[in-house]
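Q: Following this message is one structure expressed as structure tokens.
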Amino acid sequence: MQKRQILCSKGPQRTPRGAPGVVLVITVLLVGLLLTMGLTLINLASSDYQIANNESRSIQALFNADAGTEEAKMRLSPNAPGGVYNATTNPSGKGIPVGTSADWRAYLLSGHTQAEIQGGLDANYAKAAPAYTANEGTSNYAYYTSVQTGLGTIPWGWARIQHKFNATGNILYQDAVTGAETTSASQVVSGTTVYNPPLIVVTAEGIQGSVRRMISMEYQPIVSTTTSTNTVTTDPFSDAAHGSGPVTLTGNATTDSYDSRLGAYNVSGNRGTNGDVSTDSTAVAAVTLGSNNSINGSVLIGPGGNTTTGVVNAGGTITGTTSTEPSTWNLPLSSIPTGVSNQGPLSISGNTVRTFSEGTYWFSSLSISGNGRLVTTGAVKIYVTGAINISGNGVGTAGNLPTNLLVYGTVDPTNSANKTTSVAVTGNGNFYGAIYAPQASITVTGNGAVYGALTGSSVSFSGNGGLHYDDALGNLGRYVTTTTSTTYTTTGFTRYSWREIAF
């Protein structure tokens, strides 16, 4: 059986019509989509960069403004480098003095000039925000250049320093004692005037590239307190004669000393040379003595005085040294003891004799004249708040002991107009006692002698009587006064609130 071979042949294959066009379209669309996505991503990246860059500049501008307020705080400090600036006496000082008037402003300039500020830069802020008016005067404005120079300078534009005000336009201060806000610039604390430091507002502009930000910072003073104790010794009867002003001896007046505890004057050798004369004055002729006068003791004038001109000796005798005091005397007016009442004026005249037993008395004035006489039977203290005149038969002091009669010329605690400003001891009678009248002129005339001590604003001793200092008075009447005082000092400023101001 014969096999047949059947041959089959295939013709050329055909691609379906339209397929190449679809692929091209899809390809183009894909490329466009990718291009759009790429551009979008680029735009997003650029936008994010710009946002981040602006945010960074904004933050940096805020920090720069803060740097302006910090320099202002530093330059307001009493410890600013170089001290307080003064164009004449201290041009290198960096400290800024705070003005006292409400329209005071101080500008620190970094990125701007004074001309720009004066020309109206940031008219609503750079001048006197937030109450700027077109008619505002600028005569009380001060301008300072920033201390920053060279590389690393922080770019802030200006910082304005001014007082803080309350709602009615009054300057606000910090109470130096309590720390509270007050409109009082000062107060009296324990008899001392204390100045309250002002509260300060600093407004500053920060610049970083094209970005600007402004902040307003309030500063509170840092007040430190220092308490000190001062001890003063008052010894009203330590010299025969002492004056805060001049001491004069004329006529035949002499001074010397004795000790009443050893007996009568000039008996059994009871006579010494402690008749010192002193004054707090440093003026010419602070101490004067004539040719017939003698000082059996030393002469002292005020601290730092010139003894050549301060002591005028017209031929008299000074047995001791002539020198200056180490310090002036503390001579306060005496305080009348509690419980002692004012008995009005004491006037003894004619043949009247008034006898006082031991104790303390207060009179508005003291006058003894004619044959009148005051007699004491013990240790007596008399406070007088007016004129003192002792003449006639004077005073009979118990035992003729000066320590038994202390007379204090002082001031009426109920009326400061009533005060002892003059003391006169005249006549021929002797006076045994000590007089302390620090704001009175004391004059001694006549033939009577004074056994004791005299202390006043001035002392004038003339006539033929002598001044015989009693050594027993040395510590009598001495008292120590201890006072405590507190000083309030502004040592710097600290921030306590701030806000950002929108342009």
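The values are calculated or read from the model by the stated rules, or taken from the named source; none is laboratory data. Computed from a predicted model, the values in this text were never measured in an experiment. Cβ atoms come from the backbone with ideal geometry, glycine included; neighbour counts cover every protein chain shown. For accessibility, only protein heavy atoms count, side chains too; no ligands or nucleic acids. Shrake-Rupley method; radii C 1.70, N 1.55, O 1.52, S 1.80 Å.
Q: Please report the accessible area of Leu374 (heavy atoms, 1.4 Å probe, ligands and nucleic acids excluded) in Å², nearest 10.
A: Accessible surface of Leu374 is approximately 0 Å².
Q: Sticking with this structure for a sec: Quick one: which of 482-488, 149-155, 235-241 comes out on top by average Cβ neighbours within 10 Å, and what's the full order, highest first?
A: So the peptides 482-488, 149-155, 235-241, ranked by packing, come out 235-241, 482-488, 149-155.
Q: Related question: If R₀ is 25 angstrom, what is the calculated FRET efficiency for the pair Ser77 and Thr226, using the beta carbon separation as r and rounding to 0.05?
A: So, using R0 = 25 Å, E works out to roughly 0.90.
Q: At what distance in nm do the modelled label points of Thr145 and Ser56 sit from each other, each positioned 7 Å from its Cα along Cα→Cβ?
A: 3.2 nm
Q: Okay, next question. Would you tally the net charge around Asn430, using a Cβ to Cβ cut-off of less than 13 Å, leaving Asn430 out, and scoring K and R as +1, D and E as -1?
A: Local net charge: 0.
Q: Further question: State the extension gain, in nm to one decimal, for the chain segment bounded by Thr328 and Thr491, taking 0.36 nm per residue of separation less the distance between their alpha-carbons.
A: 55.4 nm
Q: Sticking with this structure for a sec: Within the range 205-268, what whole-number % of the accessible surface is contributed by carbon and sulfur, with the 1.4 Å probe and all protein chains included in the calculation?
A: Its accessible area is 47 percent carbon and sulfur atoms.
Q: Right, here's the next one. Assuming R0 = 60 Å, can you tell me the calculated FRET efficiency for the pair Thr100 and Thr307, based on Cβ-Cβ distance, to the nearest 0.05?
A: Between Thr100 and Thr307 the formula returns 0.85.
Q: Send over a whole-number figure in Å² for the accessible area per residue of the range 61-104, probe 1.4 Å.
A: 47 Å²
Q: Same structure again: With the crude spin-label approximation of a point 7 Å out along Cα→Cβ, what separation in nm comes out for Thr192 versus Ala283?
A: 3.1 nm
Q: Further question on the same structure: For Asn86 and Arg478, what is the calculated FRET efficiency with R₀ set at 30 Å and r taken between the beta-carbons, to the nearest 0.05?
A: So the FRET efficiency works out to roughly 0.05.
Q: I'd like to check one number: the per residue accessible area of the range 411-503, probe 1.4 Å, reported in Å² as a whole number.
A: 43 Å²
Q: For the full complex of protein chains and a 1.4 angstrom probe, list Arg478, Arg105, Arg213, Arg261 by accessible area with the highest value first.
A: Arg261, Arg478, Arg213, Arg105
Q: Lys164: which aspartates and glutamates have alpha carbons under 13 Å from its alpha carbon, excluding same-chain residues fewer than 8 sequence positions away?
A: Asp103, Glu181, Glu218
Q: Here's something else I'd like to know. Could you tell me the accessible area of Leu473 in Å² (1.4 Å probe, neighbours in place), rounded to the nearest ten?
A: Accessible area of Leu473: about 0 Å².
Q: Could you please tell me the mean projected area of the C-alpha convex hull for the range 146-198, averaged over all directions and given in square nanometres to one decimal?
A: Across all orientations, the range 146-198 yields a mean hull projection of 6.1 nm².
Q: I've got another one for you. Under the 0.36 nm per residue contour assumption, what length would be gained going from the current alpha-carbon distance of Leu24 and Val267 to full extension?
A: Here the answer is 72.6 nm.
Q: Determine the sum of side-chain charges near Ile154: Lys and Arg each +1, Asp and Glu each -1, restricted to other residues whose C-beta is under 10 angstrom from that of Ile154.
A: With Lys, Arg at +1 and Asp, Glu at -1, the neighbours total -3.
Q: So what's the angle, to the nearest 10 degrees on a 0 to 90 scale, between helix 19-76 and the longest Cα principal axis of the chain?
A: It works out to around 10 degrees.
Q: I've got another one for you. Over the chain, what is the percentage of antiparallel beta bridges among all DSSP beta bridges, to the nearest 5?
A: Antiparallel bridges: around 40 percent, rounded to the nearest 5.
Q: Still on this structure, I have one more. Between the range 444-487 and the range 350-377, what's the alpha-carbon centroid distance in Å?
A: About 20 Å separates the Cα centre of the range 444-487 from the one of the range 350-377.
Q: If you bin every alpha carbon distance in the chain into 20 Å steps from zero, what whole percent lands in each bin?
A: Percent of Cα pairs in each bin: 17, 27, 18, 19, 8, 4, 3, 2, 1, 0, 0.
Q: Among Met214, Met37, what's the order by accessible area (1.4 angstrom probe), most exposed first?
A: Ranked list, largest accessible area first: Met37, Met214.
Q: Subtracting the Cα-Cα distance from 0.36 nm times the residue separation, let me have the gained length for Leu44 to Thr168 in nm, one decimal.
A: Length gained between Leu44 and Thr168: 39.4 nm.
Q: Any idea how far apart Trp498 and Asn351 come out in nm if each label point goes 7 Å out from Cα toward Cβ?
A: Those two pseudo-labels are separated by 9.5 nm.
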